[in-house]
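Since the structure comes first, as C-alpha coordinates, the remarks are kept for the end.
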Amino acid sequence: MTLVTFYTPERVCWNDDASGVTFFVVTKPETTAKWRAAPATPLEEVVNSSDVFSFKTNTDGISRVATGDELQAAFKTTDVTAVVKSILSAGTVHAKSFELDVDSQATTAMNAAANAANVATSAATTAIDGMKGYLSSFW
(Lines give C-alpha, C1' and ligand atoms only; values in the text may rest on other atoms or scores of the structure.)
Protein backbone atom coordinates (compact mmCIF):
# COMPACT_ATOMS: atom_id res chain seq x y z
CA MET A 1 0.00 0.00 0.00
CA THR A 2 1.40 3.37 -1.04
CA LEU A 3 -0.12 6.31 0.82
CA VAL A 4 0.30 9.78 -0.64
CA THR A 5 -0.73 12.89 1.30
CA PHE A 6 -2.59 15.57 -0.62
CA TYR A 7 -3.17 19.12 0.61
CA THR A 8 -6.03 21.35 -0.43
CA PRO A 9 -5.48 25.04 -1.10
CA GLU A 10 -5.79 27.12 2.04
CA ARG A 11 -8.63 29.54 2.54
CA VAL A 12 -7.61 32.35 4.87
CA CYS A 13 -10.71 34.03 6.31
CA TRP A 14 -11.26 37.25 8.22
CA ASN A 15 -14.67 38.18 9.59
CA ASP A 16 -15.88 41.78 9.68
CA ASP A 17 -18.18 41.58 12.69
CA ALA A 18 -19.62 45.03 12.01
CA SER A 19 -21.04 44.08 8.60
CA GLY A 20 -21.37 40.32 9.01
CA VAL A 21 -19.21 39.80 5.93
CA THR A 22 -16.45 37.21 5.79
CA PHE A 23 -13.53 38.06 3.51
CA PHE A 24 -11.08 35.46 2.31
CA VAL A 25 -8.19 34.76 -0.01
CA VAL A 26 -7.17 31.41 -1.43
CA THR A 27 -3.54 30.47 -0.99
CA LYS A 28 -1.37 27.65 -2.20
CA PRO A 29 -1.13 24.68 0.18
CA GLU A 30 1.04 25.26 3.25
CA THR A 31 2.11 28.79 2.29
CA THR A 32 0.29 31.03 4.77
CA ALA A 33 2.44 30.05 7.74
CA LYS A 34 5.57 30.51 5.62
CA TRP A 35 4.39 33.99 4.56
CA ARG A 36 3.63 34.92 8.16
CA ALA A 37 7.19 33.95 9.09
CA ALA A 38 8.62 35.90 6.13
CA PRO A 39 6.15 38.62 5.00
CA ALA A 40 8.64 39.86 2.39
CA THR A 41 7.79 36.74 0.35
CA PRO A 42 6.15 37.89 -2.90
CA LEU A 43 2.39 37.41 -2.79
CA GLU A 44 2.52 35.63 -6.16
CA GLU A 45 4.28 32.77 -4.37
CA VAL A 46 1.53 32.56 -1.76
CA VAL A 47 -1.91 33.35 -3.20
CA ASN A 48 -3.67 31.44 -5.97
CA SER A 49 -5.24 34.65 -7.20
CA SER A 50 -5.07 38.29 -6.21
CA ASP A 51 -8.85 38.36 -5.72
CA VAL A 52 -10.42 38.93 -2.33
CA PHE A 53 -13.67 37.03 -1.94
CA SER A 54 -16.56 37.71 0.39
CA PHE A 55 -19.83 36.28 1.60
CA LYS A 56 -22.43 37.27 4.15
CA THR A 57 -22.09 35.16 7.27
CA ASN A 58 -25.80 34.38 7.73
CA THR A 59 -26.62 33.63 4.08
CA ASP A 60 -26.14 30.51 2.01
CA GLY A 61 -22.37 31.10 1.93
CA ILE A 62 -22.08 31.74 -1.80
CA SER A 63 -18.91 33.73 -2.28
CA ARG A 64 -18.07 36.35 -4.85
CA VAL A 65 -15.28 38.81 -5.49
CA ALA A 66 -15.52 41.56 -2.87
CA THR A 67 -16.55 44.97 -4.12
CA GLY A 68 -14.51 48.11 -3.64
CA ASP A 69 -17.22 49.46 -1.32
CA GLU A 70 -17.00 46.35 0.87
CA LEU A 71 -13.22 46.59 1.05
CA GLN A 72 -13.37 50.30 1.89
CA ALA A 73 -15.92 49.74 4.65
CA ALA A 74 -14.08 46.83 6.26
CA PHE A 75 -10.41 47.64 5.64
CA LYS A 76 -10.52 51.43 5.07
CA THR A 77 -8.82 50.94 1.70
CA THR A 78 -9.54 49.54 -1.75
CA ASP A 79 -5.89 48.58 -2.29
CA VAL A 80 -6.28 44.84 -2.88
CA THR A 81 -2.63 44.09 -2.08
CA ALA A 82 -2.96 45.76 1.31
CA VAL A 83 -6.21 43.89 1.99
CA VAL A 84 -4.66 40.54 1.00
CA LYS A 85 -1.74 41.18 3.37
CA SER A 86 -4.15 42.15 6.15
CA ILE A 87 -6.18 38.96 5.69
CA LEU A 88 -3.04 36.82 5.53
CA SER A 89 -1.76 38.43 8.74
CA ALA A 90 -4.91 38.22 10.84
CA GLY A 91 -7.12 35.62 9.17
CA THR A 92 -7.92 32.09 10.19
CA VAL A 93 -6.49 29.37 7.96
CA HIS A 94 -8.83 26.65 6.73
CA ALA A 95 -7.20 23.74 4.91
CA LYS A 96 -7.44 20.00 4.68
CA SER A 97 -5.05 17.21 4.01
CA PHE A 98 -5.91 13.64 3.21
CA GLU A 99 -4.10 10.44 2.44
CA LEU A 100 -4.92 8.32 -0.54
CA ASP A 101 -3.85 4.76 -1.23
CA VAL A 102 -2.59 5.29 -4.76
CA ASP A 103 -2.20 1.56 -5.42
CA SER A 104 -5.87 0.83 -4.76
CA GLN A 105 -6.92 4.01 -6.62
CA ALA A 106 -4.87 2.95 -9.64
CA THR A 107 -6.42 -0.53 -9.48
CA THR A 108 -9.90 1.00 -9.23
CA ALA A 109 -9.19 3.26 -12.22
CA MET A 110 -7.84 0.35 -14.27
CA ASN A 111 -10.91 -1.76 -13.40
CA ALA A 112 -13.22 1.09 -14.39
CA ALA A 113 -11.38 1.51 -17.70
CA ALA A 114 -11.56 -2.24 -18.37
CA ASN A 115 -15.29 -2.26 -17.61
CA ALA A 116 -15.85 0.71 -19.93
CA ALA A 117 -13.89 -1.06 -22.68
CA ASN A 118 -16.00 -4.21 -22.18
CA VAL A 119 -19.22 -2.21 -22.43
CA ALA A 120 -17.98 -0.45 -25.58
CA THR A 121 -16.91 -3.75 -27.13
CA SER A 122 -20.28 -5.31 -26.33
CA ALA A 123 -22.14 -2.33 -27.80
CA ALA A 124 -20.00 -2.41 -30.95
CA THR A 125 -20.54 -6.17 -31.35
CA THR A 126 -24.30 -5.73 -30.96
CA ALA A 127 -24.29 -2.92 -33.54
CA ILE A 128 -22.25 -4.99 -36.03
CA ASP A 129 -24.53 -8.00 -35.58
CA GLY A 130 -27.52 -5.75 -36.19
CA MET A 131 -25.95 -4.35 -39.36
CA LYS A 132 -25.17 -7.88 -40.61
CA GLY A 133 -28.79 -8.83 -40.16
CA TYR A 134 -29.96 -5.68 -41.89
CA LEU A 135 -27.58 -6.07 -44.82
CA SER A 136 -28.33 -9.78 -45.25
CA SER A 137 -31.98 -8.90 -45.75
CA PHE A 138 -31.01 -7.30 -49.11
CA TRP A 139 -29.23 -10.40 -50.45
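Let me check I've understood the local charge: for Phe53, count other residues with C-beta under 9 angstrom from its C-beta, Lys and Arg +1, Asp and Glu -1. What total comes out? Display every interim value, and only then the final one.
Details: positive: Arg11, Arg64; negative: Asp51.
Around Phe53, the surrounding residues sum to +1.
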Chain lengthening between Thr2 and Ser89 when straightened (0.36 nm per residue, less Cα-Cα) = 27.7 nm
With all protein chains modelled, accessible area of Thr57 [1.4 Å, Å²] = 80
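The values are calculated or read from the model by the stated rules, or taken from the named source; none is laboratory data. Only a predicted model underlies this, so the values are computations on that prediction, with no experimental measurement involved. All Cβ positions, even for glycine, are placed from backbone atoms using ideal geometry, and neighbour counts span all protein chains on display. Side chains are part of the model used for accessible areas, which takes the heavy atoms of the whole protein and leaves out ligands, DNA and RNA. Shrake-Rupley method; radii C 1.70, N 1.55, O 1.52, S 1.80 Å.
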